[in-house]
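Engineer: I have a structure I would like to understand better, so I am pasting it below and will then ask my questions one at a time.
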Amino acid sequence: MMRTMSKIIFGIDLGGTRIKIGLFDINGNLISKGDIPTDTSNNGQNIIDDIARELLRSLEERQAGLADIVGIGIDVPGAVLGHTTVNRCVNLGWGLVDVSSKLSEAMGIPRDWVIVGNDANVAALGEFFDGGAKEYSSMMMVTIGTGVGGGLIMDGNIIDGVNGAAAEIGHIPVSDDLDFDCSCGNRGCLEQLASATAIARMAGTADAKEAFDRAYAGDELAVKAIDTAAEALGKAMAAVACVVDPECFLIGGGVAAAGEKFIEKIRASYAKRAFHSSKKTKILRAKLGNDAGIYGCARMILNRYE
Ligand SMILES: [Zn+2]
């Protein structure tokens, strides 16, 4: 039988409901992608075996063998220690799980072939090398979803800090006027004013999409909610620029898809507050959408050899 391909990299984005699997060549080009459901029953005990089975099936389908694997990058929605071990992952039901050991054992490959990263950081890595920030040397990504997450890349490296809390832009304090607590236990965090959840709350709508629809139709309360979110984002980003001075900011997540008008409002708020030398920092939209994770996972493997 003909061998259809040579060396490959797997990029696996492990989410709370789906596991996305991308197959890349050694230049980081996406060859194919697919997904399987995340089985969170029994504290997520089957997840690693499900992934291993799917990867082995995919190799067989391509008439490839274990020796063709250059590496497996995998991201998880939780804190990661030493690029191998997940330290508590509520969405998956996991406590301390050494993903590198478990997945390599299940596949029959060396442990150091498997690299693990935090999902927000890894998505930022994907956008930095293959998406919206491809042309830039450093980037702060701001992901607006249920919460507000972030990823900071300087000179091609993820900056995660000594406590894994670097780039947690969602918990920068921006307000003294709130009378309820953030999910983190503090009060006045950016996330309380700028997440999709916060926008819907302030606009009195079922979700952020409805808030944007109403704002674009001229609804006063919805306009005010979106202005408040954009103001708070610009304020926090101006603070970030004073510390790390990135070449660009990238806005990702469902809310970023709401459109250019929202990004314009963020730009205006940022320009009003930024330190003079970083006033012109670019604020752009992320490009890879839901594929940012698998691209970033492949990039973790590629970066190891560069
Ligand atoms: Zn907070």
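Engineer: Determine ³J(HN,Hα), in whole Hz, for all residues of the range 239-252 in sequence, where each value follows from phi through the Karplus function 6.51 cos²θ - 1.76 cosθ + 1.60 and θ = phi - 60°; x replaces Gly and Pro.
Structural biologist: Ordered by residue, 3J(HN,Hα) equals 5, 4, 4, 5, 9, 10, 6, x, 6, 8, 10, 10, 9, x Hz.
Engineer: If you take the charge dipole of the range 132-287 about its Cα centre, with +1 on Lys and Arg Cβ and -1 on Asp and Glu Cβ, which of I169, A217, C182 is farthest toward its positive end?
Structural biologist: Value: A217.
Engineer: May I pose another question? What does the charge dipole of the chain about its Cα centre add up to, to the nearest 20 debye, if the Cβ of each Lys and Arg holds +1 and the Cβ of each Asp and Glu holds -1? List each step's numbers first, then the result.
Structural biologist: Values: 30 positive and 39 negative charges, 112 e Å.
For the chain, the charge dipole is close to 540 debye.
Engineer: Please express the Cα-Cα pair-distance distribution P(r) of the range 68-164 as a list of whole percents, one per 5 Å bin, running from 0 to the bin with the greatest distance.
Structural biologist: Distribution as computed: 3, 12, 21, 21, 20, 14, 8, 2 percent.
Engineer: How charged is the neighbourhood of K287? Take every other residue with its Cβ under 12 Å from the Cβ of K287, and add Lys/Arg as +1 and Asp/Glu as -1. Write out the running numbers ahead of the final one.
Structural biologist: On the way: positive: K134, R285; negative: E127, D130, E135, D291.
That sum, taken over residues with Cβ under 12 Å, equals -2.
Engineer: Please list the equivalent ellipsoid semi-axes of the range 132-287, computed as the square roots of five times the alpha-carbon gyration tensor eigenvalues, in descending order and whole angstrom.
Structural biologist: On the way: eigenvalues 117, 62, 39 Å².
Those come to 24, 18, 14 Å.
Engineer: With springs connecting C-alpha atoms under 10 Å apart, model the chain as a Gaussian network and identify which of A120, A67, A256 has the largest mean-square fluctuation.
Structural biologist: Among A120, A67, A256, the largest mean-square fluctuation in the Gaussian network model of the chain belongs to A67.
Engineer: Amide H of A79 versus every other amide H placed in the peptide plane: which residues, excluding those fewer than 5 positions away on the same chain, fall under 5 Å?
Structural biologist: N87
Engineer: Further question on the same structure: Quick one: Karplus J couplings for the range 162-179, per residue in order, coefficients 6.51, -1.76, 1.60, θ = phi - 60°, nearest Hz, x for Gly and Pro?
Structural biologist: Each residue of the range 162-179 in turn: 6, 10, x, 9, 5, 6, 6, 4, x, 10, 6, x, 10, 9, 10, 9, 8, 10 Hz.
Engineer: What translational D, rounded to a whole number of µm²/s, comes out for the chain from Stokes-Einstein when the hydrodynamic radius is the Kirkwood one over Cα pairs, at 37 °C and 0.692 mPa s?
Structural biologist: Numbers: Rh = 20.1 Å.
Calculated translational D: 163 µm²/s.
Engineer: Rounded to the nearest 20 debye, what is the charge dipole size of the range 19-65 about its Cα centre when +1 sits on each Lys and Arg Cβ and -1 on each Asp and Glu Cβ?
Structural biologist: Details: 5 positive and 8 negative charges, 23 e Å.
It comes to approximately 120 debye.
Engineer: Rank V142, I283, A198 by how far each Cα sits towards the positive end of the charge dipole of the range 132-287 (+1 on Lys, Arg Cβ; -1 on Asp, Glu Cβ) and give me just the farthest.
Structural biologist: My answer, from the dipole projection, is I283.
Engineer: Based on alpha-carbon centroids, what's the gap between the range 164-226 and the range 9-65 in Å, whole number please?
Structural biologist: 34
Engineer: Here's a follow-up. Below 14 angstrom from the Cβ of E191, what's the summed charge of the other residues (Lys, Arg +1; Asp, Glu -1)? Walk me through the numbers on the way to the answer.
Structural biologist: Working: positive: R187, R201, K235; negative: E168, D181.
So the surrounding residues net to +1.
Engineer: Once the other residues with Cβ under 13 Å from the Cβ of I159 are scored (Lys, Arg +1; Asp, Glu -1), what is the net sum?
Structural biologist: Details: positive: none; negative: D155, D160, E168, D245.
Summing Lys and Arg as +1 and Asp and Glu as -1 gives -4.
Engineer: Same structure, new question: Per DSSP helix of 4 or more residues, -39500 (n - 2.57); summed, then divided by the residues of the chain. What does that give at 222 nm, rounded to the nearest 500?
Structural biologist: Details: 10 runs with 113 residues, N = 306.
Helices in the chain give a 222 nm mean residue ellipticity of -11500 deg cm²/dmol.
Engineer: Assign unit charges at the C-beta atoms only (+1 for Lys and Arg, -1 for Asp and Glu), then state the dipole size of the range 132-287 relative to its Cα centre in Debye, rounded to the nearest 20.
Structural biologist: 500
Engineer: Near K282, which lysines are there with a Cα under 26 Å away, not counting those fewer than 8 places off in the same chain?
Structural biologist: K134, K209, K224, K235, K261, K265, K272
Engineer: Sticking with this one: Under a 5 Å amide H to amide H cut-off, with H placed in plane at 1.01 Å, what residues pair with L288 once short-range neighbours are removed?
Structural biologist: G132
Engineer: Would you list, by chain and number, the lysines whose Cα falls below 25 Å from the Cα of K102, excluding same-chain residues fewer than 8 positions away?
Structural biologist: Those lysines meeting the cut-off are K7, K20, K33.
The numbers here are math on the coordinates, done by the rules we state, and not lab data. All figures in this text were calculated on a predicted structure; none of them were measured in a lab. With ideal geometry, Cβ positions are generated from the backbone for all residues, glycine too; neighbour counts draw on all protein chains shown.
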